[in-house]
1. Arrange the following residues from fewest to most other Cβ atoms within 10 Å of their Cβ: MET80, MET126.
2. If you put +1 on each Lys and Arg Cβ and -1 on each Asp and Glu Cβ, how big is the dipole of region 1-69 around its Cα centre, in Debye rounded to 20?
3. Give me the distance in nm between label points sitting 7 Å out from Cα along the Cα-to-Cβ direction at LEU29 and LEU47, one decimal.
4. In deg cm²/dmol and to the nearest 500, what is the mean residue ellipticity at 222 nm of the chain if only DSSP H runs of at least 4 residues count, each as -39500 (n - 2.57), divided by the residue total?
5. Which of the aspartates and glutamates could be linked to LYS69 by a straight reach, that is with a Cα gap under 16 Å, when you skip same-chain ones fewer than 8 residues away?
6. Taking the Cα centre of the chain as the origin, how large is its charge dipole in debye, to the nearest 20, when only Lys and Arg (+1) and Asp and Glu (-1) carry charge on their Cβ atoms?
7. As a test, work out the antiparallel percent of DSSP beta bridges whose residues both lie in the chain, rounded to the nearest 5.
8. Straight distance only, please: which lysines reach the Cα of LYS41 with their own Cα at less than 21 Å, same-chain residues fewer than 8 apart left out?
Amino acid sequence: MTKILGIDPGTGIVGFGLIESGGNRVNILDAGVIRTPAGQKDELRLLTIYNELGELIRDHKPEWISIEKLFFARNVTTAMSVSQSRGVILLAATQAKLKVAEYSPLQIKMAITGYGRADKKQIQEMVRVLLSLKEIPKPDDAADALAAALTHSQILASNMT
């Protein structure tokens, strides 16, 4: 079984979802968010993300981190802060010697729903189905992170056949 930590990067909220995958079995181990206070200086928000992610990695010992690639066309300010968050996340993963997989939103949508224009609700419902959950994981950022982890799980499974 391989542990995969999926990440939905952000500055105010970083979603995480940890799964264990092997063969045709996938189990959810943990999911949630890392929150940083609005209005706090960027460097303190990034430090919180780094420290809390490091704690998650130490506690769960995943082999992989699967992170959503940045895709923004409009808001440069948001893109910059999410880029900084991604940098801190990639640093923490690299320091912990995790293997890193990065997927675009389109790749995640295709892997989870088979449809590149799937909306958030469709993705969340498929995450629920794929993980045999009674309810859609909340908040949305955790469901998105689980989708990133499931995407990598499917890539690993297809490479083993």
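Read-outs throughout are calculated quantities, based only on the coordinates presented, and are distinct from any laboratory measurement. As the structure is a computational prediction, the values presented were derived from the model and not from experiment. A quick note on method: Cβ atoms are made from the backbone with ideal geometry, for glycine too, and the neighbour counts reach across all protein chains shown.
1. Ranked by crowding around the Cβ, least crowded first: MET80, MET126.
2. Numbers: 8 positive and 10 negative charges, 9 e Å.
In total the dipole reaches around 40 debye.
3. 2.9 nm
4. -16500 deg cm²/dmol
5. ASP8, GLU102, ASP141, ASP144
6. 200 debye
7. Details: 17 of 26 bridges.
Antiparallel: roughly 65 percent of the beta bridges in the chain.
8. Those lysines meeting the cut-off do not exist here.
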